[in-house]
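Right, one structure below, let's go through it.
The values are calculated or read from the model by the stated rules, or taken from the named source; none is laboratory data. All of these numbers come straight from a predicted model, not from anything done at the bench. Glycine gets a Cβ as well: all are built from the backbone with ideal geometry, and neighbour counts include every protein chain shown.
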Amino acid sequence: MNRRLVAALVLFVAVPAAATVAVLAAWGHGWTSSGASAGHRDGGGASLPGALPEAYRLLVAIVTIVLVAHVLGALARRVGQPTVVGQMTAGILLGPSILGALAPSAQEWLLPPTTTVPVESMAQLGIVFFSFKIGYELSPKQLSGHGTTPLVLGGAGVCTPLLVGVGIALLLPAEYRPQGAGSGPFALFLGVSFCVTAFPVLAGILLENGMLKSALGSLAMATAGVADVLAWSLLACALAVAHGGTPLGALSTAGLTALFAVLMLTVVRAGLRRIWEGRGESRTQNAAVLFVHAPLLCSAALTDAIGVHPVFGGFLAGLAMPRLPQIERIVERTDAVASWLLLPMFFASVGLRTGFGMIGGAKDWLLCGLFVVLAVAAKLVGTAPPALLLGVRRRPAARLGVMMSCRGLTELVVLATGLQLGLIPPRLFAMLVLMTLATTLITAPVLNRTGGSQDEEPRLPEPSMSGAVP
């Protein structure tokens with residue numbers, strides 16, 4: 001061995017280490033503190049050892065939630081279902097409906113109130129990032145790729161379920177209505193919950209079935225994109241009306257929301273592109289990450305300050321973000337972290353608030369079944385007949401209606417927002433979560449069983465790309 005290396009190790013590693021041990025040994029009587037030990041035994045004080053168990057339980061809860069969500073997500077994929085079905089099931093499994101009913105002490109130890117608070121915070125951050133990804137994926141080029149056909153189908157696929165949901169809200173007995181919320185906001189919110197289509201979940205189903213790049217798959221994604229924009233806008237209106245309280249307050253909140261949306265999609269969008277292009281190649285990776293995330297978090301905070309949920313701000317930030325290769329890579333990396341860590345927290349949060357034990361008696365279960373039937377039928381009626389009128393053949397038109405009935409994670413975000421703001425009661429929330437799970441479960445099997453040959457692809461008008469925005 002090199003003598004200089006040995007000398008360096010002895011002089012600068014061994015000697016300082018030995019000296020440190022000698023000094024600590026000389027003051028060995030100070031290793032324990034009677035006051036600190038007593039405080040720890042009594043559970044008092046603010047010493048570090050007393051804080052360790054809560055941090056430990058939080059880490060155990062996070063690891064458990066992430067592990068169960070991803071294991072069940074993988075199992076769902078193995079049986080031909082989208083990952084989100086398994087992750088939704090994981091959240092319900094860890095909540096009071098299953099784990100809380102079978103092993104209440106274990107559920108209380110794993111997710112006590114001191115743990116659920118940070119889990120809920122992570123969940124809220126996760127759905128803000130999720131809504132940002134939805135907005136970013138809805139590029140104007142994609143939405144305009146089939147001319148006006150997706151606009152018509154998306155609008156029809158939203159308006160018919162919206163009417164059905166509002167009608168259900170008006171006919172529901174008083175026991176299913178929220179306390180303290182007006183009938184108008186409740187009806188509008190329930191209508192919105194029936195018109196949602198899960199854009200990212202649908203994309204995953206089409207990709208796994210080899211349909212994403214087909215004519216029908218492309219039309220379905222464009223139609224779902226239009227429907228998502230309309231549904232998020234209607235959700236913002238419902239939240240604005242609920243927050244405003246009085247008609248004047250609701251009008252003020254809705255006006256501020258509309259003004260903010262216009263500014264984000266015009267001034268902020270153009271400004272972001274100009275700032276990005278002005279920096280050229282001189283920007284660092286950290287600056288690029290800040291460029292993407294700062295507008296996202298600011299937009300979410302501002303919509304929350306206006307009185308609309310932060311998810312709408314995340315959605316607007318995604319729409320406003322320039323579509324450029326480096327930005328796309330940053331968005332993908334952010335989405336990977338959100339999907340791996342934060343969204344499982346959201347599923348757990350939903351599971352903790354979903355008490356299927358509140359659904360009792362034949363009347364409740366009959367209503368659950370009715371919700372599922374009406375949710376699917378409303379999407380079919382709202383999508384298939386207009387598609388037939390626009391030249392789509394019968395079977396692809398029906399399959400398009402089935403695709404639009406896929407609700408998935410987007411619907412859970414909407415429902416959780418409504419529950420958080422008091423627009424729906426916990427009992428109805430649990431029933432609508434069941435509806436969401438059922439309509440998401442049936443999408444892939446029905447598409448597989450009704451698959452047709454390539455000559456059944458829809459006949460569409462020639463797309464007009466003149467109005468496309470890069």
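Some points to look at:
- Counting the residues of the range 332-380 that are within 16 Å of I424 (Cα to Cα) and among the β-branched types (V, I, T) gives 3.
- Which listed residue, of G80, G91, is at pLDDT below 90, under 27 Å from the mean Cα position of the chain (by Cα), of a type in the set (G, A, S) and under 30 Å from M403 (Cβ atoms): G80
- Matching helices (runs of 4 or more DSSP H) fully within the range 181-248 where at least 3 residues are at pLDDT 85 or above and either of a type in the set (S, T, Y) or closer than 21 Å to L419 by Cα (or both): 183-195, 215-244
- Checking G318, G369 one by one, the residue that is crowded, with 21+ Cβ neighbours inside 10 Å and at pLDDT 90 or above is G318 and no other.
- Residue list for the range 268-308, restricted to those being in a helix (DSSP H, G or I) and among the charged types (D, E, K, R): R269, R273, R274, E277, R279, D304
- Those helices (runs of 4 or more DSSP H) lying entirely in the range 58-169 with at least 3 residues of a type in the set (A, V, I, L, M, F, W, C) and in contact (Cβ under 8 Å) with a residue 12 or more places away in the chain: 83-94, 113-137
- Taking the range 318-377 as the range and being among the aromatic types (F, W, Y) and either over 23 Å from V196 (Cα atoms) or in contact (Cβ under 8 Å) with a residue 40 or more places away in the chain (or both) as the test, the residues that pass are W340, F346, F347, F356, F371.
- Meets criteria (modelled with pLDDT of 85 or more, outside any helix (DSSP H, G or I) and either surrounded by 13 or more Cβ atoms within 10 Å (Cβ to Cβ) or out of contact with any Phe, Trp or Tyr (no Cβ under 9 Å at 6 or more places or on another chain) (or both)) for P344: no
- Scanning the range 259-296 for residues that are without any contact (Cβ under 8 Å) to a residue 24 or more places away in the chain and in contact with a helix residue (DSSP H, G or I) (Cβ under 8 Å, 6 or more places away or on another chain) yields a count of 4.
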